[in-house]
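The values are calculated or read from the model by the stated rules, or taken from the named source; none is laboratory data. None of these values were measured; they are calculated from a predicted model. So basically every Cβ, Gly included, is an ideal-geometry build from the backbone, and we count neighbours across all protein chains shown. Heavy atoms of the whole protein, side chains included, go into the accessibility calculation; ligands, DNA and RNA do not. Shrake-Rupley method; radii C 1.70, N 1.55, O 1.52, S 1.80 Å.
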Amino acid sequence: MVITYVTITYNAAQVLKRTLDSVLQQDYRDIVHLIIDGASTDGTLQIVDDYIRRSNAADNGHRIQVISEPDHGIYDAMNKGLRSLDGDYVCFLNAGDFLPASDTVSSIVASLSHNGDCPLCEERSGLQGDCPQCDLPAVLYGETDIVDAEGRFLHHRRLSPPEHLTWKSFRHGMLVCHQAFYARTDFAIATPYDLRYRYSADVDWCIRIMKAAAKENVPLHNLHMVVANYTEEGQTTLHHRESLLERFRVMTRHYGWLSTIAMHVWFVFRSGR
């Protein structure tokens with residue numbers, strides 16, 4: 001089971017090290033880390049070079065690939081990552097965000113162990129995917145903790161995933177943080193980010209992947225654990241109003257005007273109680 005992390009960077013020297021360190025410290029070997037850099041001019045690439053040296057010295061089995069060239073924004077860079085994908089699942093781990101523990105990836109993979117539900121695998125052990133009747137889930141999703149600019153815990157994310165996530169769940173907001181959403185690579189590659197959106201293409205991407213999974217009747221898997229520490233100050237925080245307007249467009253695209261307006265009225269009512 002190969003897990004790929006994609007980290008998008010541009011002049012991210014101040015926050016990048018904790019992201020790279022959290023991957024470096026993982027006790028799971030089959031990790032690919034794609035770093036898609038937008039031709040940084042600060043110390044970002046030097047930090048990446050040091051990360052590669054330390055990872056090689058640790059002999060941890062991780063593979064690191066770096067692309068550094070100008071791009072047309074974060075989602076264009078994410079699409080570059082999709083075009084370079086390897087492995088079974090992909091997660092986009094932004095610069096500044098980080099994995100919460102050294103056994104995060106091994107715990108994620110362990111959660112996919114069989115529980116005897118498949119008739120062909122009742123007497124077998126191992127991971128889903130060993131058997132043609134046991135498709136790997138289209139999405140693995142978990143919880144998120146919010147941290148400050150120094151990486152210190154602030155609080156659990158206000159929105160949390162439901163027990164059984166579907167594409168319709170996001171009518172109530174982005175219940176799974178982008179950094180806690182592991183997409184199976186075949187679904188991810190077939191679903192590039194829509195570059196018409198500047199701030200909310202990640203919301204649209206998650207919904208479209210879950211829609212594709214529902215169409216093919218492939219399940220989504222709740223990890224029941226915190227899998228990401230998310231830094232509060234991101235592009236959507238810096239451009240809050242534009243992000244909200246764009247997210248409204250995404251919601252109307254997938255759920256229709258009537259449903260979206262009704263849900264936003266409920267949001268206003270709830271926040272005023």
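In this structure the amide hydrogen of Q65, modeled in the peptide plane, comes within under 5 Å of the amide hydrogens of H33, L34, I35, none closer than 5 places in sequence on its chain. Peptides 138-149, 176-187, 206-217 ordered by packing proxy, namely the average of other Cβ atoms within 10 Å per residue, highest first: 176-187, 138-149, 206-217. Kirkwood's formula applied to the C-alpha pairs of the range 14-65 gives a hydrodynamic radius of 11.4 angstrom. Taking 20 Å as the straight-line reach from the Cα of K168, the lysines in range (excluding those fewer than 8 positions away in the same chain) are K211, K215.
In the full protein context, the range 70-110 carries 33 Å² of accessible surface per residue, based on a 1.4 Å probe and ignoring ligands, DNA and RNA. The ratio of the alpha-carbon radius of gyration of the range 46-91 to the globular-protein estimate 2.2 N^0.38 Å is 1.35. Report the net charge of residues surrounding V176, where surrounding means a beta-carbon distance below 10 angstrom and charges are Lys +1, Arg +1, Asp -1, Glu -1. With Lys, Arg at +1 and Asp, Glu at -1, the net is 0. Coupling constants for the range 4-13 follow from the phi torsions by the Karplus curve (6.51 cos²θ - 1.76 cosθ + 1.60, θ = phi - 60°), and in residue order they are 10, 9, 10, 10, 9, 10, 7, 6, 10, 4 Hz; glycine and proline get x.
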